[in-house]
Amino acid sequence: PIFDAHMHYKRDAWASFPPDVVLSMMDNNGVAMALVSSSPDQGTITLWEYAPQRIVPEMRPYDDAVGPSNWTRTDGVGDLIEQRVRQYPHQGIGEIHLHRVDPLDEPLMNRIVALAMEKNIPLHVHSGHQPVEYLYRLNPGLTIIWAHAGMTEPAAVVERMMARYPSLYADTSYREMDILTGDGEIDEQWRLLLERFADRFMVGSDTWVNTQWLDYDQLIATNRQWLAHLTTATARKIAYQNAERLFGKKIGTDLFGKR
């Protein structure tokens, strides 16, 4: 089974991919469970209410007027995050974008970090390495899921970060073509990295636009392709066992066909 650690259920997807269709797509691809954030959060809650056994919700503070470029400067965002995390069983905060470290954002960041620590939930952060280092300076006890394993960060940088921060996890969405070579083999540097930190990587699809939903079968198949190049023990950890430990879930094939 696969745990999809980077799924979005944004407003644009609701009509074309209603909850029953999403669950069918998960079943058809052997995806037992997914970590979901949405713009707005109501998408996540709709999917979780439909399939509470299959959906792990996390709180993303985006909506039609609030997004990656302006969320930290929008009035009321901190209140919104806190209200939704306390109202619903969110098991993460994110995916949030931090494109740079800005001292003006620090009061909000401190508030979010304090909430994550209080609830014992991870932050799911889309950034380069510097904002991740900044968040750990605010509180070294944080757990962070590094979205896209740094997106464009070289494998050497990802390795350095994973070695430095024992509570840093990473999802591999959008890194499939870095992990795989053009001939379908696995990049040796990435193979060594994934094997070394097998306990802290997870698979992700990143359904941020409807074309990603349309390509969902291929996305999961591509992830299975690079998983097959790893040792069986490592592949199982990255596919679902790390998520079991991180979120306190039991993930197995018995979930297929269930909600």
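The slack in the chain from D199 to L138, taken as 0.36 nm per residue of separation less the alpha-carbon distance, amounts to 19.5 nm. Using a/c under 1.5 as the rounded threshold, could you call the chain rounded, prolate or oblate? The axes a ≥ b ≥ c are square roots of the C-alpha gyration tensor eigenvalues, and prolate needs a/b larger than b/c, oblate otherwise. Oblate, because a/c is 1.5 or more while a/b does not exceed b/c.
W208 exposes around 120 Å² of accessible area when a 1.4 Å probe is run over every protein chain in place. Apolar share of the accessible surface for the chain: 50 percent from carbon plus sulfur atoms, 1.4 Å probe. The M151 and D64 beta-carbon pair, evaluated with R₀ = 22 Å, returns a calculated FRET efficiency of approximately 0.35. Computed with a 1.4 Å probe over protein heavy atoms only, the accessible surface of the chain comes to 42 Å² per residue. How many angstrom separate the Cα center of the range 153-191 from the Cα center of the range 76-124? The distance from the Cα centre of the range 153-191 to that of the range 76-124 comes to 26 Å. Approximating the spin labels as points 7 Å out from Cα along Cα→Cβ, the L192-to-H99 distance works out to 3.5 nm.
Multiplying the residue separation of D215 and N110 by 0.36 nm and subtracting their alpha-carbon distance yields 34.0 nm.
Comparing L214, L227, L104 in a Gaussian network model of the chain where C-alpha atoms under 10 Å apart are linked, the largest mean-square fluctuation is found at L104. Under 11 Å from a point 7 Å along the Cα-to-Cβ line of Q225: which residues of the range 180-194 have their amide N that close? Answer for the range 180-194: 180-186. Please compute the net charge surrounding I144, taking Lys and Arg as +1 and Asp and Glu as -1 over other residues with Cβ under 13 Å from its Cβ. Its environment carries a net charge of -1. Packing, taken as the mean count of other beta carbons within 10 Å per residue, orders the peptides 41-49, 78-86 from highest to lowest as 41-49, 78-86. The charge dipole of the chain, taken about the Cα centre with unit charges on the Cβ atoms of Lys, Arg (+1) and Asp, Glu (-1), comes to about 760 debye, rounded to the nearest 20.
The values are calculated or read from the model by the stated rules, or taken from the named source; none is laboratory data. Model, not experiment: these values are computed from the prediction. Because the Cβ atoms are built from the backbone with ideal geometry, glycine has one as well, and the counts that use them run over all protein chains shown. Ligands, DNA and RNA are stripped out before the accessible areas are found, and what is left, the full protein with its side chains, is counted by its heavy atoms. Shrake-Rupley method; radii C 1.70, N 1.55, O 1.52, S 1.80 Å.
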